[in-house]
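**Student:** Please read through the structure below; I'll follow up with questions.
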Amino acid sequence: MVGIGRSLGYDPPMFRYYRALFFRVPRLLLDGYDKLFKVATLVIALIAALNQSWANRVSGWSGFSPAWTLFPLGALLVYGLMRANYASFLEERSRADGSEEKLSLFQDTQPELGFTRIESERVGVEAYTKTPQGRQLVQRVGTADFVRVNVANDPKEGRQGSLATDVIAHVDFFSEDGKNLLSIAGRWAETDQPPEVQKLGLSLAEREISLSPNGLDHPLDIAMKYPDDEACYAFNDLNGARAAPDMRYPPHELSPWTYQVVARVRGHRVPELEMAYKLVNPGKGQTLSLSEWAAE
């Protein structure tokens, strides 16, 4: 029955709305500065409808049908319906304004993450060892090129923003034809390497960072390459934990080729955000190149 009724235009919510509207009319008609006028109109109309001779003496409407006395009643009912409908409109508008204000406040205090610049640098790779006496020694094992992308929490002008917490990253490497070759947990370059924190295994705490709403860049490692190597390596904490001291981790090896790299970040109150890049490994004697991926 409900399906048939709706197909014929019968809409229960609509009827519920107007039924509630109708029941509001008496209260609204008896409320306000013109209460006395409304009551007088109602009483006179009722008396005129029930006592034609009295109506003739008062109004001089001799010859008019008693049905004409229903006109004030109808006008009063229409007026009441209009007032009830307008009151309902004001209530709905007030709720809508309140919702918009809450939404605006929510958006004003949301983190706003975005990928910013790409960077590359040649740095010394260091190995960390510990002596029997517990002293930590640092040894330079070579020089490698690193490429990174940066992420910032940068609220739009006029917005307060908020701290982005528990932000993690993932990096996927694809062939040019779209085949997924490698997926790794992202590593924030500002965090310590596993050998530096002197822990066994990997620390989840190092994978999560907080980004203040100040537009400051936070670099995310993508890959590393020694200048004299043919291959490059996707880079994260596994390189330091399982491939010390030179960080050439075989499962992360990438031959000379062009790759599509997709970096993704997300966190508490931060929806997932991703960006595609083009990573070029030109081979031995050459440096890595990273740029934004341009769809062809």
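**Student:** Name the single residue, out of those in the stretch 236-247 being farther than 30 Å from residue 111 by Cβ and among the hydrophobic types (A, V, I, L, M, F, W, C), that is most open to solvent (accessible area, probe 1.4 Å).
**Tutor:** Among them, the one singled out is 244.
**Student:** Something else: Out of (1) open to solvent by less than 90 Å² (accessible area, probe 1.4 Å); (2) within 30 Å of residue 161 (Cβ to Cβ); (3) modelled with pLDDT of 70 or more, the odd one out for residue 117 is which?
**Tutor:** It fails just one condition, (1).
**Student:** Scan the stretch 228-255 for residues that are in contact (Cβ under 8 Å) with a residue 24 or more places away in the chain and in contact with a Lys or Arg (Cβ under 8 Å, 6 or more places away or on another chain) and jot them down.
**Tutor:** Matches in the stretch 228-255: 228, 229, 230, 231, 232, 235, 236, 237.
For (1) of a type in the set (Ser, Thr, Tyr); (2) within 21 Å of residue 170 (Cβ to Cβ), each residue gets a yes or a no:
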position: 254; (1), (2): no, yes
position: 259; (1), (2): yes, yes
position: 271; (1), (2): no, yes
position: 274; (1), (2): no, yes
position: 278; (1), (2): no, yes
position: 282; (1), (2): no, no
position: 288; (1), (2): no, yes
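**Student:** Name the residues in the stretch 248-296 that are touching a Gly at 6+ places or on another chain (Cβ under 6 Å) and surrounded by 16 or more Cβ atoms within 10 Å (Cβ to Cβ), would you?
**Tutor:** None; the set is empty.
**Student:** Taking the condition under 30 Å from residue 255 (Cα atoms), in contact with a strand residue (DSSP E or B) (Cβ under 9 Å, 6 or more places away or on another chain) and modelled with pLDDT under 95, does residue 190 pass?
**Tutor:** Spelling it out, residue 190 is indeed under 30 Å from residue 255 (Cα atoms), in contact with a strand residue (DSSP E or B) (Cβ under 9 Å, 6 or more places away or on another chain) and modelled with pLDDT under 95.
**Student:** To continue, here is another question. How many of the residues making up the stretch 159-181 are buried (at least 16 other Cβ atoms within 10 Å of the Cβ) and either of a type in the set (Ser, Thr, Tyr) or in contact (Cβ under 8 Å) with a residue 60 or more places away in the chain (or both)?
**Tutor:** Qualifying residue count, the stretch 159-181: 10.
**Student:** Where residues in the stretch 211-235 are of a type outside the set (Gly, Ala, Ser) and open to solvent by less than 10 Å² (accessible area, probe 1.4 Å), which of them is nearest to the chain's Cα centre (by Cα)?
**Tutor:** First pass over the stretch 211-235, keeping only residues of a type outside the set (Gly, Ala, Ser): 211, 213-214, 216-222, 224-230, 232-233, 235.
Now narrow it down to the ones that are open to solvent by less than 10 Å² (accessible area, probe 1.4 Å): 211, 220-222, 224-225, 232, 235.
Working: 211: 16, 220: 22, 221: 25, 222: 26, 224: 33, 225: 36, 232: 36, 235: 29 Å.
Taking the candidates together, the pick is 211.
The values are calculated or read from the model by the stated rules, or taken from the named source; none is laboratory data. Please read all numbers here as calculations on a predicted model, not as lab measurements. With ideal geometry, Cβ positions are generated from the backbone for all residues, glycine too; neighbour counts draw on all protein chains shown. Heavy atoms of the whole protein, side chains included, go into the accessibility calculation; ligands, DNA and RNA do not. Shrake-Rupley method; radii C 1.70, N 1.55, O 1.52, S 1.80 Å.
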